[in-house]
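Peer 1: Sharing a structure below in structure tokens format, with a few things to ask.
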């Protein structure tokens with residue numbers, strides 16, 4: 001895919017990204033504005049993807065090993081794989097899927113992870129309810145199963161996946177406007 005830009009999320013962009021997240025509340029859990037702002041404030045990296053006309057195409061929020069644990073899945077990755085940055089959520093608009101945007105988001109995260117001494121990326125994908133498209137996408141990127149658990153908050157059965165960050169960093173593109181001083185989106189004004 002060409003014609004998109006990845007950049008850290010600004011506070012004014014949080015409502016649009018939250019709306020995108022909540023439109024896809026099957027694979028990712030819906031959040032309140034306060035919960036999304038808190039997630040962004042604690043993020044290792046929170047980035048959005050926009051096309052050349054300024055339309056929002058996707059988002060990714062990843063968490064590190066500093067700050068509070070955001071749910072049991074983040075806690076599982078932190079406890080079992082402290083070398084990993086945890087992908088809390090990634091959402092790509094259906095019209096933008098299959099065009100390289102997801103790969104670019106993962107590449108940007110992997111490059112940032114390596115910059116901070118993290119060697120792996122971790123995430124979870126639903127097994128029940130099933131999400132075969134996400135499992136296949138992650139397998140193509142080199143993610144391997146690392147465990148399974150049932151999320152006590154909603155009963156979903158998830159598979160934890162782990163991948164080496166170095167090969168994924170090769171997916172990083174010049175589209176990502178890196179900001180080494182601030183990698184996460186700031187919390188919304190209160």
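Values quoted throughout were computed directly from the atomic coordinates according to the rules given, and no laboratory measurement underlies them. From a predicted model like this one, the values you see are computed outputs, not experimental measurements. We place every Cβ from the backbone using ideal geometry, glycine too, and count neighbours over all the protein chains shown.
Peer 1: Could you give the radius of gyration (one decimal) and Dmax (whole number) of the Cα atoms in the chain, in Å?
Peer 2: 15.1, 42
Peer 1: Subtract the Cα-Cα distance of residue 83 and residue 127 from 0.36 nm times their separation in residues, and report this length gain in nm to one decimal.
Peer 2: Once the chain is fully extended between residue 83 and residue 127, it gains 13.4 nm.
Peer 1: For a Förster distance of 22 Å, can you work out the FRET efficiency between the beta-carbons of residue 53 and residue 23, rounded to the nearest 0.05? Display every interim value, and only then the final one.
Peer 2: Working: r = 19 Å, r/R0 = 0.88.
Approximately 0.70, to the nearest 0.05.
Peer 1: Residue 10 to residue 115: extension gain in nm, 0.36 nm per residue of separation minus the Cα-Cα distance? Could the numbers behind the result be given before it?
Peer 2: Values: separation 105, 0.36 × 105 = 37.80 nm, distance 2.16 nm.
Fully extending the segment from residue 10 to residue 115 adds 35.6 nm.
Peer 1: Give me the one-decimal Kirkwood hydrodynamic radius in Å for region 9-51, with the sum taken over alpha-carbon pairs.
Peer 2: For region 9-51, the Kirkwood estimate is 10.7 Å.
Peer 1: What's the extension gain from residue 97 to residue 144 if we count 0.36 nm per residue and subtract their Cα-Cα distance?
Peer 2: 14.7 nm
Peer 1: Stokes-Einstein diffusion coefficient for region 1-92 at 4 °C in a medium of 1.567 mPa s, Rh from the Kirkwood formula over Cα pairs: what value in µm²/s?
Peer 2: Details: Rh = 13.6 Å.
Translational diffusion coefficient: 95 µm²/s.
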